[in-house]
Amino acid sequence: MPRYYTEEHEWIDVDGDIATVGITDFAQGQLGDIVFVEVPDTGAELSQGGDAAVVESVKAASDVYAPVDGTVTEGNGALEEDPALVNSDPEGEGWFFRMALSDKSQLDGLMNAAAYKAFCDDL
Amino acid sequence: MTEIEQTGEEAVETETLPLDAWHRAKGGRMVEFAGYWMPIQYEGIMAEHLWTRENAGLFDVSHMGQLHLSGEGLDDALEAVLPGDVKSLAVGRMRYSLLLAEDGGILDDLMLSRWPDGIYMVVNGAVKWEDIGHLREELPDAITINHFEDRALLALQGPKAFDALKRHTTGKWPLDALVFMTGGPFQIGGIDAWISRSGYTGEDGFEISVDADKVQEVADLLCGELEVKPIGLGARDSLRLEAGLPLYGHDLDPTIDPIEGDLGFAIQKRRREEGGFPGAARILGHYANGSPRKRVGLTIDGKLPVREGAKLFDGEREIGVVTSGGFAPSVGAPIAMGYVPRDHAAPGTAIAAEVRGKRVPCTVTAMPFVPHRYVRKQGG
């Protein structure tokens, strides 16, 4: 299952036409302690680069953007009870939402793991 | 992913603190604040906050302005620019006070300490240059204002601060001689320091003024104690919010007078009776009859943090605004402070805050959110 990354520090796992989206370990480290996550409602239409979710750390609220176009199929309900999952397992249990992809060709514009690592090293 | 709310303010040229390299070596994540590079956190705001409530945290607050005022007629001169009772302030005692504009609006909040040779004043870093300008303008020529730019300021806060500091402190008196809101000259590891028992966390603790070129030695001595860790600005903010203490530039500004800011305690009885401070008519009117709006604490239903700028509603009617807010680690929930009309200021009043278009129920609450643990009696 290929995993892509954005310059906004989201990761996206693609399984057929469905993708799972979260924020990277680098991002959670920058944010610090996560105290609240607002995930999009099922059925919400997302467009690439548009607001998708909000993550709140102790110090600030940050927007999470949609990495590609699509329709939300599921938000991670576990984050409501335990937002700190984003800190402890950002690229696993701490996923934000799943979406049905509208245009898989958009994935070609995203980074792979090696490219994302190089991107972070340059920050 | 982009931060929605910017916390820092743009500065002309960001300066470094005397402990800049020390913070970076300790893993401090540096941000611009009040014109300086300052550590927002080391290991994490939550852990640092809780550590301070349980143990002791060392804060570098050297960005704050340390002033010394002296000269003939100093007490009268100061009482003309602030509403505190300066005349009754004995040597070694401290008082919280407010620099007031002509109309009674708050230009800054500050600490006054009586030294044998004058008044030592600590003002907020973000407005210290404006404060100095205001004081030069308003005080008579006979008053000398000395800006201690060559001194650093540390705060050691938490229930174990006393134990950690006492091991390194010598002087004419034992450290036990200090109670809340008193200060005196001591040596820490042989280094001259003015130490006061005061702070901005609601915990017992101390503020330590030392020469900038000796501050690293003092910071190393204190952080060498098992009880002490360096703590960043992030936890300083969440600790003071839980303690119900206002932050200038956020909870207080020149449009707010001391009564609106719920700081009536800073106007002692003699000053209330005699007046004679800027904005006395407005302020004493508000003291007697209540102010149209008041700073209050808010507890928040649910987990969504309500932050600075959120509008407050009673039904469909917009009634006020949140001036500080966030997740409170020791409370385990979001809290906030803000301004509401007088008829909504009673604890228990149910209102709502608007966050991203959603209404979040909240309740006006007496502050502090976490009880103060100041040591007011000797031997404590």
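The values are calculated or read from the model by the stated rules, or taken from the named source; none is laboratory data. Predicted, not measured: the structure shown is a model, and the values here were computed from it. Backbone-built Cβ (ideal geometry, glycine too); neighbour counts: all protein chains shown. These accessible areas exclude ligands, DNA and RNA; they are computed on the full protein's heavy atoms, side chains included. Shrake-Rupley method; radii C 1.70, N 1.55, O 1.52, S 1.80 Å.
Here the label points at A:S88 and B:K166, each 7 Å from Cα along the C-beta direction, are separated by 3.8 nm in the simple model.
At what distance in nm do the modelled label points of A:E45 and A:D15 sit from each other, each positioned 7 Å from its Cα along Cα→Cβ? Distance between the two pseudo-spin positions: 2.7 nm.
Extending 7 Å from the Cα toward the beta-carbon at both B:Q378 and B:A350 defines two label points whose distance is 5.2 nm. GNM on chain B, alpha-carbon springs under 10 angstrom: the most fluctuating residue among B:K214, B:K172, B:K311 is B:K172.
Over chain A, accessible surface divided per residue gives 43 Å², non-protein components excluded, 1.4 Å probe.
Computed with a 1.4 Å probe over protein heavy atoms only, the accessible surface of segment B:120-227 comes to 40 Å² per residue. Per-residue Karplus couplings for segment B:65-72, computed as 6.51 cos²θ - 1.76 cosθ + 1.60 with θ equal to phi - 60°, are listed in order as x, 10, 10, 10, 10, 8, x, 4 Hz, Gly and Pro entered as x.
Under 8 Å for C-alpha pairs, at least 6 residues apart: give me the relative contact order for segment B:292-365, rounded to a whole percent. Write out the running numbers ahead of the final one.
Details: 190 pairs, mean separation 28.5, N = 74.
This gives 38 percent for segment B:292-365.
Which of the three applies to segment A:1-86, rounded, prolate or oblate, going by the alpha-carbon gyration tensor with a ≥ b ≥ c and a/c under 1.5 meaning rounded?
Details: a/c = 1.66, a/b = 1.41, b/c = 1.18.
In terms of gyration-tensor shape, prolate.
Rounded to the nearest whole Hz, the Karplus-based 3J(HN,Hα) values (6.51 cos²θ - 1.76 cosθ + 1.60, θ = phi - 60°) of segment B:222-238 follow the sequence 5, 6, x, 7, 4, 6, 10, 10, x, 10, x, 4, x, 6, 4, 5, 6, with x at glycine and proline. If I compute solvent accessible area with a 1.4 Å probe over the protein chains, what percent of it on the protein assembly as shown is carbon and sulfur? Percent of accessible area from carbon and sulfur atoms in the protein assembly as shown: 49. Between B:L226 and B:W115, the contour length at 0.36 nm per residue exceeds the Cα-Cα span by 36.7 nm.
Computed FRET efficiency, Cβ-Cβ of B:A333 and B:D141, R0 60 Å: what is it to the nearest 0.05?
Working: r = 53 Å, r/R0 = 0.88.
Using R0 = 60 Å, I get an efficiency of 0.70.
Close amide H partners of B:F33, meaning residues 5 or more places away or on another chain with modelled amide H under 5 Å apart, are B:M38.
Extension gain for B:A177-B:E318 works out to 45.8 nm (0.36 nm per residue, less the C-alpha to C-alpha distance). For segment B:185-243 versus segment A:21-41, the spacing of their alpha-carbon centroids is 33 Å. Let me confirm the definition first: pairs of Lys residues in segment B:280-377, 8 or more apart or on different chains, C-alpha distance under 29 Å. How many are there? Value for segment B:280-377: 6. Around the amide H of B:E308, modelled in the peptide plane, lie the amide H atoms of B:G325, all under 5 Å away and 5 or more residues distant in sequence or on another chain. Compared with its chain on its own, segment B:44-71 contains the following residues whose accessible area drops by 40 Å² or more in the full protein assembly (probe 1.4 Å; ligands, DNA and RNA excluded): B:I45, B:M46. Take chain B, connect every pair of alpha-carbon atoms lying under 10 Å apart with a spring to form a Gaussian network, then pick out the residue of B:R24, B:R295, B:R151 with the largest mean-square fluctuation. Its mean-square fluctuation being the largest, the pick is B:R24. Of all the options B:G261, B:G35, B:G171, the one that moves most in a Gaussian network model of chain B with Cα springs shorter than 10 angstrom is B:G171. Please name the residues of segment B:257-304 whose accessible area, counted over protein heavy atoms with a 1.4 angstrom probe, falls by no less than 20 Å² between the chain alone and the full protein assembly. Relative to the lone chain, where solvent access is computed with a 1.4 Å probe, segment B:257-304 loses at least 20 Å² at B:K303, B:L304.
Run the numbers for B:T16 and B:K269: contour at 0.36 nm per residue of separation, minus the present Cα-Cα distance, in nm. Please list the in-between numbers first.
On the way: separation 253, 0.36 × 253 = 91.08 nm, distance 4.17 nm.
Additional length available on full extension: 86.9 nm.
Just to be sure I understand: of the beta bridges DSSP finds with both ends in chain B, what percent are antiparallel, rounded to 5? Before the final figure, lay out the partial values.
Working: 81 of 87 bridges.
About 95 percent, rounded to the nearest 5.
Sequentially through segment B:104-111, phi angles give Karplus couplings (6.51, -1.76, 1.60; θ = phi - 60°) of x, x, 8, 8, 5, 10, 7, 10 Hz, Gly and Pro residues having no value and appearing as x.
Summarising the strand pairing of the protein assembly as shown, around 95 percent of its internal DSSP beta bridges are antiparallel. Summed over both chains, the area buried between B and A is near 2100 Å², taken from the accessible surface of protein heavy atoms with a 1.4 Å probe. Per residue, the average separation of C-alpha pairs within less than 8 Å and at least 6 apart gives chain B a relative contact order of 17 percent. Residues whose amide H falls under 5 Å from that of B:R151, counting only those 5 or more places apart or on a different chain, are B:A212, with hydrogens built in the peptide plane. For the pair segment B:104-153 and segment B:316-344, the centres of their Cα atoms are 31 angstrom apart.
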